[in-house]
Each structure stands twice: as C-alpha cells, then as structure tokens.
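The values are calculated or read from the model by the stated rules, or taken from the named source; none is laboratory data. As the structure is a computational prediction, the values presented were derived from the model and not from experiment. Cβ: placed from backbone, ideal geometry, glycine included. Neighbour counts: every protein chain shown.
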Amino acid sequence: MSIFAGILDFEFADSISQSMVRDLAAAMTRNAADKPQLLEGPGYAFAKIDFGILGSDGAYVDDSGIVSLLAGVPLLADTRRGSTRQDELRILHDAWINDDISALQGSRGSFCAAHFDPNSRRLSLVCDKLGLRPIYHTVQGRYLIFSTALRILETISWAEKTIDVSSVAEIASLGYPLGNRSPYANISTVGAGAIVEAGRAGVRLREYWRWDTLPECEVPQDQLPSHLFGIFRDAVQRRLGDQRAVVACLSGGLDSRCVVSCLRQLGVAVHALNFGPAGSLDQGLGRLAADKLGTRYFELPEGPFTFWDRMLALHQSWMIESAASEVEHPRLVWAGDGGSVGLGHVYLTEEMISQMREGRTIEAVDNLVRHNSWQLPRRLFERRQRERVKDLPRADILEEISKLNSFDKGRNVHLFLMLNDQRRHLTQHFEAIDLLRFEVVTPFFDAEFLRLILTSPIDGFLKHRFYVRWLQEFSPETTAIPWQAYPGHEPCPLPVPKDLRWQWDAYFGKEERQTISRRMLAGVEKDLNDPRFPKWLLDKKMLRLAIWLTKLGIRDYYYLFKVARTFTRYSQ
C-alpha cells in the first residue's frame, strides 16, 4: 500500500456521514484513474490506495473485522527469506491484537501502519523506528482524522487548519518542522518508534523504541568498519529478495555509489539513473561510476528544477525509452538517501561535540545554527512580529536537543539531526507518491545499521572520517574514480575534473539559475497581489524593495523570497 487515511468517531454513535467519506476519498489522490478502496463500519471509515509497487497488498481484515493497513515494508527480525509484505502484516496484526510490541522492536524497515479493532474501539497509528514514513493526525471535535500525506488533510475543507508560526519558521530555515509538529498547530505526526492510540478514552502516546536509551555499541571500534559493511550488505539483501535486476539512482557522490556497488557485488544487474545537470560533477562522475561498476546507464541532463519533479521526469523517461521491462520491479528505485548525515555526519563540527559533552548545550546549539546558516531574516517580518520570531528556530532546536540523553552526550546533537532532518528527509516523496508512482529503497536507513552507528562514540565519524575507512570494505571499482567530497570533510584522494561544476558552488548552469530566479520572483509578486497575503506577518514594503533590488541586479534576495513564499503557502 502506498497511501491510507481514515476518520474515527470517538462517540461511535453511527456510521461516518457519506459526505465526509466522499471528501476523504476525493482527497486521497490527484489521479482520476485511482479508485480508493473504502473500509467502513460504525464510527469509522478508512480509505486506501495500493499502487502495486511492492508486490503484495498492504491491507488485512480478519474474520472478526479487525483491520490492519500498512505502507512501506517493516522487515521484521523473524521473517524468513521469501516472506512477503502481507506475511509481515499478518504477523504484526496478530501481535497488535495481543498488545505485543516485540515484533516492532525487531523491525529494520521504513513503514507506517494503522490497526483498528471495532470490538474494543481502539485505533493504533504506528511509525517505524526513525519515523521516516509519516502519519499525520488531528482531533477535530468528536473526530480523529489521520493520513499518510499532509496534503490529504489540507484538501479536506471541513478539517480546520491553523498555522503554527514556529513550525513554519522551522520549515523556512531548516526545511522541516521539528519534533512531531506540522505547519499547523492542530495537526501532529506520530513520532519515531511511537504508537498513537485512540478510542473512547481519548488519545494516548506509547513508545516501543528510543534511540537515546540504547547501550553503547558492543562491536570493538577497530572491527566496526567490516562489521558495519556486513550489516549494510545484509540490509541490501533483505530489501532485494529474489530480484536479479533493479533500477537505482547514481550521482557523483558516495552514498548512491555505495548502494550500487553493493548490489553489483551481489551479482545484481543495475540500471543506473542520473539527473545531474549538464556540466555538473554529479552528471560527469555519475557517468564514470556507472561505467566502472558495470551498470546500464540512463541520464536526464535537462528537466525540471525541483528535486522530485526532476526525479519523476527521469524515471518516466527511463520507463519509456530504456529497458525497464528487464527489471522485475521498475517502480522500486534504490537510492543513497541517509548516507551523508547518518554515516558521514555532515552539519557537525568537533567544537559542537565538545560543547555538548561539557554541558554547554546553548553554545553548541548556537554553533549548530550559525554553522549551517539556519537563521531567519527578521526584517522580512512586520515589526510587531519580529520579537516573536527573533529566537526561531534556535529555541526549538534547543528544546529538541535537550530531550535527548545518549550514553555519549556529544552524540545528542547527531541524534537531533537523525530524528528531525533525516526523519523528514523523504517527506516530499510521500506527499507526491500519487504522482510519482514509485517507491524508494533506502538501505542507509536500515534500523540495525543505524543502531551500530548511533551507539558508537561520535568522534571518529565526523567529517566523513569513518566513511572513508568504511569504503575500503567495498570492491576496488568503488573508489577507482573520484567523488564529490563535502567541503571541509575528508577529501577525495583522486583528482576531480576541474571543468565540471561542484554541487555546492553551482549545481545548475547560468541559464538554469536565471530561470529559477525569474520563477521565484514571479511567484513572490503573485503572492503580494493575492488578497490572502499574510500582511499581519510579513512586511510587504520590504518584499517589494527586495524585488526591485534583485531585478536591478544590485543584490540577489532569493533566500528571502523563499522564506516569504513558505509562510505565504501555509498561511493560506
């Protein structure tokens, strides 16, 4: 299953009104050909769409009418080779009936689920250990509404939405809201390793997994590279099953290369996809890596400018123009997401780690915010709002980090990134899955792989140091050609072509950047002329001045425009 949603009536007086059910079903997808399946009864109505990408169905209803819905793949510890997603769902279904969370504790995959017992009137919403696959939920009077995509709740007209300025400030500066928040004050997500239970008694939260209470890693540090490679290989094999040919992203960096290299070492035929713009190192090095690793290669050097739109265009082109028929599951796309933060420890410095260990958490957070340029442009806001936003998102970051208590205090700041930045890493994919029509396979997010990292002392991992040691476990072809190294991190030991663009300097070419800027300017001007523009929050005079200064070429205010458009989008 790819999408599910539902309505629960706390009073269980009667069936959910058909107008509410129709609204829910209509909001599920933007593809008119999709027909949501409805599961209804006294006090509840659920809707699901399964695109058939993962092979087996993600829904199960037993003889007692107890319902379980699943998106993603749990990868349970006790399931055997050849087990299907439906097999795993039935194991979880039986465990939940008996209030048993042990199966969840052994899971390694990325998934979310809903379980409803019409007899006990209890609904459980479950997220994987990292919370990567989201479930949003809101209580509106006598109803609880939930969905695997925020856009579904946004579309339902009778579901009230109230902007949360702090959360939108986090989205504008970080790219995601922190903790279990959403852009709306009355909509939350299920947390990492958590279960939200709802019924006659109301709503309560349970946790089946916490990353910051785990004991220190049992593997000696000198053996960790080889051991972690074995776990990564196993993570790939678990997700691979019996497939002998797959499609995978392959850029000019290390993360996707490691995934493809591992697949090739397992004897799998790989169709490598690259959408790096023409003239970029992402394109040039990705092409070289594809040849060295012995893959089929398909690229899209021109296309849309946003990540998921570009990925969609690339995948659709490959499906039409290439040998997609040779791949058993052509809508399962392998990717290196999770490697740079999880294993490479980007965004962090030694100074932050020392400050955390010395109990100087405020200084560490200030350092984190400054190092990553996460400040908001205060002048963008109306004078009366500047005091309100002056400490955002810093105050919220401090709050989230202060909740964590790892065995290594220096590890807490990395845990913050994993439970916030990485947890929300694929949000836009899940929001657009009705349009994208493919799933991503992400072995770097394997829960056992992450456990070994997050329970190890952090020092050796900083700035890709451990990552470069770990590369020695891969085939020689993996490191035979250069890669894009993060600025200030362990450098690539091989010479990098000087005639190609680094992604941190200019990912797109000059003409493409000009097109992006023109579109941003046009969007901001359209927002300013919209009667719904949040003039109570944003300073229109400041925005108009920034527009003219940008048009005249005096200064580029792209970042300010991006922040303004984020607040405008959610205030409307």
Item checked: Residue selected from region 130-179 under the condition more than 29 Å from Ser68 (Cβ to Cβ) and among the β-branched types (Val, Ile, Thr), by the criterion surrounded by the most Cβ atoms within 10 Å (Cβ to Cβ) -> Val168
Check: If Gln385 passes every condition in (1) outside any helix (DSSP H, G or I); (2) modelled with pLDDT under 95 but one, which one does it miss?
Finding: (1)
Next item on the list: Would you point out the residue of region 112-129, among those that are surrounded by fewer than 24 Cβ atoms within 10 Å (Cβ to Cβ) and farther than 15 Å from Leu205 by Cα, that is nearest to the chain's Cα centre (by Cα)?
Entry: Asp117
Item checked: Conditions (1) at pLDDT 95 or above; (2) not in a loop (DSSP other than H, G, I, E, B): number failed by Asp222 -> (1)
Check: Taking region 258-289 as the search range and keeping residues that are in contact with a helix residue (DSSP H, G or I) (Cβ under 6 Å, 6 or more places away or on another chain) and part of a strand (DSSP E or B), which one is farthest from Val441 (Cα to Cα)?
Finding: Asn274
Check: Would you pick out the residues in region 528-554 that are buried (at least 17 other Cβ atoms within 10 Å of the Cβ) and within 19 Å of Tyr570 (Cα to Cα)?
Finding: Phe533, Pro534, Leu537, Leu538, Asp539, Leu543
Notebook entry, point to check: Under 7 Å by Cβ, and 6 or more places apart or on different chains, what pairs join a residue from region 113-134 that is modelled with pLDDT under 95 with one that is among the charged types (D, E, K, R) and crowded, with 24+ Cβ neighbours inside 10 Å?
Noted result: none
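Conditions tested, residue by residue: (1) part of a helix (DSSP H, G or I); (2) crowded, with 22+ Cβ neighbours inside 10 Å.
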residue: Leu8; (1), (2): no, yes
residue: Asp23; (1), (2): yes, no
residue: Lys48; (1), (2): no, yes
residue: Asp63; (1), (2): no, no
residue: Ala71; (1), (2): no, yes
residue: Asp78; (1), (2): no, no
residue: Leu89; (1), (2): yes, yes
residue: His93; (1), (2): yes, no
Next item on the list: Give the residue, chosen from Glu511, Glu525, that is surrounded by fewer than 19 Cβ atoms within 10 Å (Cβ to Cβ), in a helix (DSSP H, G or I) and either out of contact with any helix residue (DSSP H, G or I) (no Cβ under 7 Å at 6 or more places or on another chain) or outside the structural domain of Arg565 (by TED's automatic domain parsing) (or both).
Entry: Glu511
Note to self: What are the pairs with Cβ atoms under 6 angstrom where one residue, in region 21-44, is outside the structural domain of Thr148 (by TED's automatic domain parsing) and closer than 15 Å to Ser2 by Cβ and the other, located anywhere, is crowded, with 19+ Cβ neighbours inside 10 Å and not charged (D, E, K, R)? Sequence gap at least six, or different chains.
What the structure shows: none
